[in-house]
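A quick write-up on the structure given underneath.
The values are calculated or read from the model by the stated rules, or taken from the named source; none is laboratory data. Everything numeric here is computed off the predicted structure, so don't read it as measured data. As a convention, Cβ positions derive from the backbone with ideal geometry for all residues, glycine included, and neighbour counts pool all protein chains shown. Protein only, heavy atoms only, side chains kept; ligands, DNA and RNA dropped before computing areas. Shrake-Rupley method; radii C 1.70, N 1.55, O 1.52, S 1.80 Å.
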Amino acid sequence: MYLKQLEKQLIVSCQALEHEPLHSSEMMAKMALAAVQGGAKGIRANSVADIKAIKNQVNVPIIGLMKQDYEDSDVYITPTKKEVKALLEVGTDIIAMDATMRKRPGDETLEDIITFIKSQSNTEIMADISTVEEAKHAEELGFDCVSTTLVGYTQETEGQHIATNNFKLLHEIRSAVSIPVIAEGKISTPQTAFKALENGAYFVVVGSAITRPQLITKTFVDEVQKYSANN
């Protein structure tokens, strides 16, 4: 369905959290519009409000998620059935969720959540993972694809980067599963996105390097300060 439309394409993650300057559904909808005008073929978005606003601006597949913190778990990307229900109600094309082995809030399980989704709709499901083992487990549970979103963001993968050693981890994941493997996480240049596809990524998701101007600005400032320090 929607995954096939996104093959070998660029998907832009349009997200801004509450503490960030562009936090608002209107801002994210305009960011999504700008991304699509630039050629992006899909959008990854956080929250019901943002997804609704983005759907009013663009007609491309939406990978939807809900970030929610719970005191009893480190899982925060679509962590429970409650967030899944909200994403189904808003008509998210692809639901993305943390598919790591970590304990989920309220002791919910990935198995139960996947069973619930499949009983309610034909919505495709993306597993945000950080290791080969998590990718294999996600495929066994019935996820439609896996994404390297959480590489470097879990205790097991701290300090890792998807592009390290010529995308070694990407190759390992692709060899371990038969479902599409998406490259996401710290892809900061067009050249890295190209290399990800060249090394077998089904499609590429880029966020901060395109949609977080405060971080983009900092990359320029860091270089300028290097010059200033030496002159």
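Counting only residues 5 or more places away or on other chains, whose amide H sits under 5 Å from the amide H of Lys67 once H atoms are built in the peptide plane?
Ser47, Thr78
Defining a contact as two alpha carbons under 8 Å apart and six or more residues distant in sequence, what relative contact order in percent does the chain show?
About 16 percent, as a whole number.
Only sites in a loop by DSSP and with at most 13 other Cβ atoms within 10 Å count here; which GluC sites (Glu not before Pro) in segment 145-231 make the cut?
Those that pass, being in a loop and sparsely packed, are Glu158.
What residues have an amide H closer than 5 Å to that of Arg44, excluding those fewer than 5 places away on the same chain, when H is modeled at 1.01 Å from N in the peptide plane?
Those lying under 5 Å, H to H, from Arg44 are Val12, Ser13, Cys14, Ile63.
What is the distance, in nm, between label points placed 7 Å from the Cα along the Cα-to-Cβ direction at Asp107 and at Gln5?
About 4.1 nm, to one decimal.
Less than 12 Å Cβ to Cβ from Asp144, Lys/Arg counted +1 and Asp/Glu -1: what total charge do the surrounding residues give?
In short, -1.
Please return the longest stretch of the chain lacking exposed loop sites, where trypsin sites (Lys or Arg not before Pro) count only if DSSP places them in a loop and at most 15 other Cβ atoms lie within 10 Å.
The segment 104-231 is the longest one with no such site.
Give the calculated FRET efficiency between Tyr227 and Leu17 to the nearest 0.05, with a Förster radius of 45 Å applied to their Cβ-Cβ distance.
Between Tyr227 and Leu17 the formula returns 0.90.
What accessible area per residue comes out for segment 1-122, rounded to a whole number of Å², with a 1.4 Å probe?
For segment 1-122, the solvent-accessible area averages 49 Å² per residue.
222 nm [θ] for the chain, helices only, -39500 (n - 2.57) per DSSP H run of 4+, per residue, to 500?
Value at 222 nm, helices only, nearest 500: -12500 deg cm²/dmol.
Taking 8 Å as the Cα distance limit and 6 or more residues as the minimum spacing, I'd like the relative contact order of segment 1-42 as a percentage.
It comes to 50 percent, rounded to a whole number.
Summing Lys, Arg as +1 and Asp, Glu as -1, what charge do residues with Cβ under 12 Å from the Cβ of Arg104 carry, Arg104 excluded?
Summing Lys and Arg as +1 and Asp and Glu as -1 gives -4.
Can you work out the Karplus-derived ³J(HN,Hα) for every residue in segment 7-17? Use 6.51 cos²θ - 1.76 cosθ + 1.60 with θ = phi - 60°, whole Hz, and x for glycine or proline.
4, 6, 10, 9, 10, 10, 8, 10, 9, 9, 7
Could you state the accessible area per residue of segment 173-223 in Å², with a 1.4 Å probe and every protein chain left in place?
With the other protein chains kept in place, segment 173-223 gives 50 Å² per residue.
Of all the accessible heavy-atom surface of the chain, with the other protein chains kept in place and a 1.4 Å probe, what percent is carbon and sulfur?
50 percent
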